[in-house]
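Working notes for the structure below.
Read the figures in this text as sums done on the coordinates, not as results from a lab. Owing to the predicted nature of the structure, the values given are computational and were not obtained by experimental measurement. Positions of Cβ are generated from backbone atoms using ideal geometry, with glycine treated the same way; all protein chains shown enter the neighbour counts.
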């Protein structure tokens, strides 16, 4: 019962956050003169009349509060507005471009958690071994590399040579899972690796440090003293306690993750919502960007609720209230 | 086992120091002097520091390099700088040390000019963000209550916000420029520093000396900036050093996406974006800017880790032990006698025995 109340409260605060983000983004865009937008939409050789017409068409001549009210009203009804250029509904545009983004986020996250946590755990249990030293160098390099550099190097020195030698498994662009498991993986593996390389470094370092600290606790000695196998001591008593800070890091990283998604999509031409937004920037296509910002806010809010629930499930000291 | 030997070596060294020192007065060292001493003995940190200094010097003297090579930064060489297909020429060809880029400009000169932007953005944003973060963190941690709640929530919101997404929005509104980049990176950097400073302030403000200052009639701002702040400088220095590479990465990512520094002004990010179209014919165009970027961020990360270790007094013992062990092994090896190591330890024990008897 408590969990229902908790969920309702969290969703309500989440709604406030989304509203704040939407409002801020909306008003932010009014720092830009209306005329410039209309001019761009109407084309460079447009006469003043055509530009005026474009302003009226886009509804930019109405008072700001009227536009804001209109925007909010649409938003509540799940309508994010229409592209300035094609007149296409932003909802449809974003919905169409969601599959690559979702594949990227889920696959990348699974990969980076597996790699990050397992390397971290092995490093901690064999502190100062050769493995640990190599891993810590890898972590530093991962922390220092921007995602787009990893992506470009992978394209330039893995994908391209293989492709030109007739090995066509890896590919850029996006192929949905409906086109078969093989092509899907071929298209997604490099983007997943790119996204995971950057993030795994943070998690390796964090889980190693946490586990080392946990393994020094008295209850670990107790667990060993009562004759538990080392594996059981590490996984049931050590890792479980060390995981909670890793989870809260995951909550913090949700925002960063979307940034990474934008970059990886741009590098590999996956055509997800991140890439569409970057293209929208080039065209000053405001409704698309506002739509992306709002979707990002919703994603961050929901992901954080999920992380907090997991947190409570993992750590018995945390009670949902 | 290894810990035991470490301690033995340490004890040994303390004995030695006492014997050598005799009645010499004990020399006082401040915390910073101690940190610097520990940092100096860490080879990796010193190499990282040297790399950073060289990078900064190269960035400052980039125009001098351009003058030396006679290749102005934005000047294309369609004849010497491109091969017959119109593609970039490789390193060392026609006097281009690192080759040329897509329009036949000197890659070395452009990388060095790119370093100016990267280092400027990295250092300036970190400085501003540190001042902001320290102020917010101090105020939130010291006053507590509603002020803390509001500031802490705001900090959390900034930390959770997808910054590239907002960067997209801002780039549309204001148009990409260096000022916007600096403002944007600063805006997303202060929050992490504020959070750490707040946590530290919460614990420091309960210390007796703060109470003493208050009982002497010091006001809140005096206490915050004269009593608490000096104790926060160490963690802020560490996190600041680690924020510089983040800012460098952020700037290059924005420029890569076309939201940051605009061509023809060179930045590592926009060079790499352009290099993307040429990696089949010009690997150097991709590799050298990427290497410059990686070396810079790696050096700052290594230095930051080194400073953090050096701030930790426990590190001293480890270093002393390592040094001692190395000296002993070297002595043993130079004598060409493996027993020497054992002999030394034995003689040490013997000396200790005689000492006890005497």
For the range A:62-120 and the range B:175-199, write down the distance between their C-alpha centroids in whole Å. 25
Share of Cα-Cα pairs in the range A:106-167 beyond 12 Å, whole percent, is 75
Per-selection Kirkwood Rh - the range B:81-219 (Cα, Å, 1 d.p.): 18.7
Going by Cα centres, the range B:29-53 and the range B:276-313 are how many Å apart? 20
What span do the alpha-carbon atoms of the range B:154-210 cover on each of the three principal axes, reported in whole Å from largest to smallest? 52, 20, 11
For peptide B:279-287, the mean count of other chain Cβ atoms within 10 Å per residue Cβ is 3
Using a simple spin-label model with points 7 Å from Cα along the Cα→Cβ vector, what separation in nm is obtained for residue A:27 and residue A:172? 4.2
Structure-based [θ]222 nm, the protein assembly as shown - -39500 (n - 2.57) summed over DSSP H runs of at least 4, per residue, nearest 500: -24500 deg cm²/dmol
What do you get for the angle between helix A:181-215 and the principal long axis of chain A? Use alpha-carbon atoms, 0 to 90 degrees, nearest ten. 50
Hits in the range A:171-185: amide N under 11 Å from the 7 Å Cα→Cβ extension of residue A:92, namely none
Could you calculate the contour length gain from residue A:61 to residue A:106, that is, 0.36 nm times the residue separation minus the distance between their Cα atoms, to one decimal place in nm? 12.0 nm
Calculate the mean, over all residues of peptide A:266-275, of how many other protein chain Cβ atoms lie within 10 angstrom of the residue's Cβ. 2
Ordered by fewest other Cβ atoms within 10 Å, a rough proxy for footprinting exposure, A:193, B:147 read B:147, A:193
When every alpha-carbon pair in the protein assembly as shown is counted, what percent end up more than 38 Å apart? 47
According to a simple spin-label model (label point 7 Å from Cα along Cα-to-Cβ), what is the distance in nm between residue B:328 and residue B:231? 3.9
In whole Å, what three semi-axes, largest first, describe the equivalent ellipsoid of the range A:51-92 built from its Cα gyration tensor (square root of 5 times each eigenvalue)? 18, 16, 4
Need one number: nm distance between label points at residue B:209 and residue A:240, each 7 Å from Cα along Cα→Cβ, rounded to one decimal. 4.3
Could you pull the Cα extents of the range B:129-183 along its three principal axes, largest to smallest, in whole Å? 39, 20, 13
Scaled by the rule-of-thumb 2.2 N^0.38 Å, the alpha carbon Rg for the range B:249-312 gives a ratio of 1.37
For the peptides B:267-275, B:219-227, what is the packing order when you average, over each peptide's residues, the other Cβ atoms within 10 Å and list the highest mean first? B:267-275, B:219-227
Provide a whole-number value for the mean count of partner chain Cβ atoms within 10 Å of the Cβ atoms in peptide B:246-257. 4
Please give the FRET efficiency for residue B:67 paired with residue A:12, using the beta carbon to beta carbon distance and R0 = 60 Å, rounded to the nearest 0.05. 0.40
Volume per residue, Å³, of the convex hull around the alpha-carbon atoms of the range B:166-275? 113
Output the peptides B:242-255, B:89-102 sorted from most to least packed, where packing is the average of other Cβ atoms within 10 Å over each peptide's residues. B:242-255, B:89-102
Reported to two decimal places, what Rg/Rh ratio describes the range A:217-284 when computed on Cα atoms with Rh from the Kirkwood expression? 1.41
Nearest 10, in degrees from 0 to 90: the angle of helix A:2-28 to the longest Cα principal axis of chain A is 40
Extension gain residue B:179-residue B:84, at 0.36 nm per residue separation less the Cα-Cα distance, in nm? 30.2 nm
For A:308-317, A:194-203, ranked highest to lowest by mean beta-carbon neighbours within 10 Å, the order is A:194-203, A:308-317
Reduced Cα scattering model of chain A, Debye log10 I(q)/I(0), q = 0.15 Å⁻¹: -1.25
For the range A:81-194, convex hull volume per residue from C-alpha positions, Å³: 163
Give the calculated FRET efficiency between residue B:146 and residue A:50 to the nearest 0.05, with a Förster radius of 60 Å applied to their Cβ-Cβ distance. 0.65
